[in-house]
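First up is the structure itself, then whatever we jot down about it.
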Amino acid sequence: ELRTPLTVLAGFLETLQEIELEPAERNRYLDMMADQSRRMQSIVQDLLTLSAIESAPPPENEVVDMANLIDKLRRDAEALSSGRHTIQVESEGQGDLLGSEPELISAFGNLVTNAVRYTPAGGTITLHWRISPQGAEFAVQDTGPGIEAKHIPRLTERFYRVDRSRSRDSGGTGLGLAIVKHSLNRHQAQFDIRSEVGKGSRFAARFPASRVSQT
Ligand code: ADP
């Protein structure tokens, strides 16, 4: 995954060193080189995040203010969507999660970012939060392209992508859902993915009652 952009970058560099190019052409090469190095930076960043959570001690049991967190996720989604989607929140029950706030923000944020990135303009993204006596569920539902059933069990593998070019064009590293799954495991949460081609997807994190702080 790192070798391809590095090879492309090295190739462009060699061209620039060896051939005298017109300024416009030279700028085009420099832009492509900047793209490749940004891609490598994102991959390295996500690999570091993965290895950090892999070697970290079990997550803290701090009370994570869910109303606050969901509000932040909604604002982030709106900023990323810049008016292209309808973003809505549906919340049921009172209570918060017990866990590591940065890890949960990163996991839930990843699901929201994916929903915005993969759902075409005009679609709807819904953030669901529900507390019940059995536990709690946070889910992100979209009206995007959906995912064929055969891919679903593999989505949390590192670098697994359904559509390489679409992932890459929208800045994806293929590591997002691997990070989500790992953070959720650390919180004893189950990760449930349901999707129907042409209709949309729903990514849900289900937490046991022991991870819920009833307030
Ligand atoms: P990426 O960086 O490629 O988005 P992820 O690990 O976050 O990597 O997701 C893995 C793959 O799952 C994506 O490449 C995409 O094919 C698919 N995917 C993730 N979220 C969605 C979604 N909301 N709608 C459709 N496909 C999705």
* **Heavy atoms of Glu14 accessible to a 1.4 Å probe, total area in Å² rounded to 10** => 100
* **Relative contact order [Cα under 8 Å, 6+ residues apart], the stretch 114-215, whole percent** => 32
* Multiply the residue gap between Leu2 and Tyr29 by 0.36 nm, knock off their C-alpha separation, and tell me the result in nm, one decimal place. => 7.8 nm
* Sort out for me the Cα centre separation of the stretch 99-163 from the stretch 30-91, rounded to whole Å. => 12
* List, in order, the whole-Hz ³J(HN,Hα) value for each residue of the stretch 108-124 obtained from phi through the Karplus relation with A = 6.51, B = -1.76, C = 1.60 and θ = phi - 60°; use x for Gly and Pro. => 5, x, 4, 5, 5, 4, 4, 4, 5, 5, 9, 8, x, 3, x, x, 10
* Under 5 Å, built H, 5+ apart or other chain: amide partners of Val212 -> Leu98
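From the alpha carbon gyration tensor of the chain, can you work out the equivalent ellipsoid semi-axes (sqrt of 5 times each eigenvalue) and give them in Å, largest to smallest?
Numbers: eigenvalues 262, 76, 49 Å².
With the √(5λ) rule applied to the chain, the semi-axes are 36, 20, 16 Å.
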* To do: Under 28 Å Cα to Cα from Lys72, which lysines show up? Leave out anything in the same chain fewer than 8 places away.
  => Lys181, Lys199
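Arranged from highest to lowest average of other beta-carbon atoms within 10 Å per residue, in what order do the peptides 74-80, 165-171 appear?
Result, highest mean Cβ count within 10 Å first: 74-80, 165-171.
Leaving out ligands and nucleic acids, and using a 1.4 Å probe, what accessible area per residue does the stretch 3-86 come to in Å²? Could the numbers behind the result be given before it?
On the way: 5700 Å² over 84 residues.
Ligands and nucleic acids excluded, the result is 68 Å² per residue.
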* Taking H as built 1.01 Å from N, whose amide H comes closer than 5 Å to the amide H of Gly95, not counting residues under 5 places away? -> Thr215
* Tell me the label-point distance for the pair Lys199, Arg74, using the 7 Å Cα-to-Cβ offset, in nm and rounded to one decimal. => 2.6
* the chain, relative contact order [Cα under 8 Å, separation at least 6], % -> 21
* To do: Taking H placed 1.01 Å from N in the peptide plane, check which residues at least 5 places from His85 or on another chain put their amide H under 5 Å from its amide H.
  => Gly122
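Could you compute the net charge surrounding Val197? Neighbours are other residues with a C-beta less than 15 Å from the C-beta of Val197; K and R count +1, D and E count -1. All intermediate terms of the calculation are to be shown ahead of the outcome.
On the way: positive: Lys150, Arg166, Arg194, Lys199, Arg202; negative: Asp142, Glu148, Asp163, Glu196.
Summing Lys and Arg as +1 and Asp and Glu as -1 gives +1.
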* Leaving ligands, DNA and RNA out of it, report the carbon-plus-sulfur percent of the accessible area of the chain at a 1.4 Å probe. => 49
* **Protein-only accessible surface order, largest first, of Thr4, Thr173, Thr124 at 1.4 Å** => Thr4, Thr124, Thr173
* Asked: With θ set to phi - 60° and the Karplus curve 6.51 cos²θ - 1.76 cosθ + 1.60, what are the ³J(HN,Hα) couplings of the stretch 20-25 in order, to the nearest whole Hz, using x for Gly and Pro?
  -> 7, 10, 4, x, 5, 5
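The values are calculated or read from the model by the stated rules, or taken from the named source; none is laboratory data. Please read all numbers here as calculations on a predicted model, not as lab measurements. Heads up, the Cβs are rebuilt from the backbone with ideal geometry, glycines too, and the neighbour counts pull from every protein chain shown. Quick note on the areas: whole protein, heavy atoms, side chains included, nothing else; ligands and nucleic acids left out. Shrake-Rupley method; radii C 1.70, N 1.55, O 1.52, S 1.80 Å.
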